[in-house]
1. Of the residues 56, 97, only one is farther than 11 Å from residue 148 by Cβ, open to solvent by less than 30 Å² (accessible area, probe 1.4 Å), among the hydrophobic types (A, V, I, L, M, F, W, C) and more than 14 Å from the chain's Cα centre (by Cα); which?
2. With the checklist (1) over 10 Å from the mean Cα position of the chain (by Cα); (2) in contact (Cβ under 8 Å) with a residue 40 or more places away in the chain in hand, flag the one item residue 113 doesn't pass.
3. Mind checking which residues of the stretch 223-245 are in contact with a Gly (Cβ under 6 Å, 6 or more places away or on another chain) and within 20 Å of residue 94 (Cα to Cα)?
4. Can you give me the ranges of the strands (runs of 3 or more DSSP E) entirely in the stretch 61-132 with at least 3 residues that are within 27 Å of residue 235 (Cβ to Cβ)?
5. How many residues are aliphatic (A, V, I, L, M), open to solvent by 60 Å² or more (accessible area, probe 1.4 Å) and part of a loop (DSSP other than H, G, I, E, B) if we restrict to the stretch 192-223?
6. Can you tell which of 66, 36 is under 18 Å from the mean Cα position of the chain (by Cα), surrounded by 14 or more Cβ atoms within 10 Å (Cβ to Cβ) and free of Cβ contacts under 8 Å to residues at least 60 places away in the same chain?
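The values are calculated or read from the model by the stated rules, or taken from the named source; none is laboratory data. Note that the structure is a prediction, hence the values are computed from the model and not measured. In this analysis, Cβ positions are derived from the backbone assuming ideal geometry, glycine residues included, and neighbour counts consider all displayed protein chains. Accessible surface is based on the protein model in full, side chains and every heavy atom, while ligands, DNA and RNA are left aside. Shrake-Rupley method; radii C 1.70, N 1.55, O 1.52, S 1.80 Å.
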Amino acid sequence: MIAKTTTGNDFEGALTYGAGQRQGRGKEPGEAPLLVVANLIPGTPKEMAQDMRAVAAQSKKIQKPVWHTVLSWKAGEVVSRAQKVAAAQRYCELIGAPIDRHQVVVYEHRDKKHAHVHIYLNRVPIDGGPALRTDNNFYRQPAITRQISQELGMDPIPERRRSLRALDPTKEAAREQVSRALQQVLEQADKGGEEWLALQLQKELIGVRYTHDKGGVLRGVSFELNGVAVRGQEVGYKGAQLREALTAPGLQVALGPEVARAPGADQPAVLPKPSRPEPKKHPHRKGPAR
């Protein structure tokens, strides 16, 4: 499995393409079924895009709220509908946009020889928290797709654009071991801070080195295993990502129940939309009489 991601600002255009309804590039009926809808009412691309724009408008900083990822399997690999749904959900969780916080729409495309799904995320979460980051995807996504392939028993696709240095077997083995250990530790619900993480990884014989700015804010991290150095970005965590991971809830979103409730062949998996907290009401203060 491999992942390819782009970002943009046109929800309707993106979803129209996902639904196979783009003018001049339309697909035959049944070639682009809707697989998953989270925190949205299923509808036309225009209807769902309108709701996603409303949530994205809560953030004035994010100029490109549309996150579009294509998950692809190798040609000839048989992938069930439940596996596609599970892979899409797990990808959202591991990339930092769990389905209980973000609007997600997933379409399957059947116009190629290889299985692939299109995942559309709203980078702005429904709870008003920080938006999904876009930096460092080059290093993060290969590690994430490898993990999903392992968890779901799928065949990994050889990665592209890797340097000869990156293909060193000793380096690769260290990177894999650090990535697995780091993921397991960060999935714990009762996470601590930097010292806690260092102690947890020390049990796996992994050393940690943090880099902070003058204000004491974590800016970088590196690891060492058996004398092999591994940069944080090589396992998907720069300083900013690690800061967020240490303060966020455990990554184990309820994947099992959603997969267990896999829909019929023609129905998307509609995930429940959590209730949004009502805005706080501030008492009206009367000024002095004039």
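1. Answer to the selection: 56.
2. (2)
3. Matches in the stretch 223-245: 238, 239.
4. Ranges flagged: 66-72, 116-122.
5. Of the residues in that region, 1 qualify.
6. Among 66, 36, only 66 is under 18 Å from the mean Cα position of the chain (by Cα), surrounded by 14 or more Cβ atoms within 10 Å (Cβ to Cβ) and free of Cβ contacts under 8 Å to residues at least 60 places away in the same chain.
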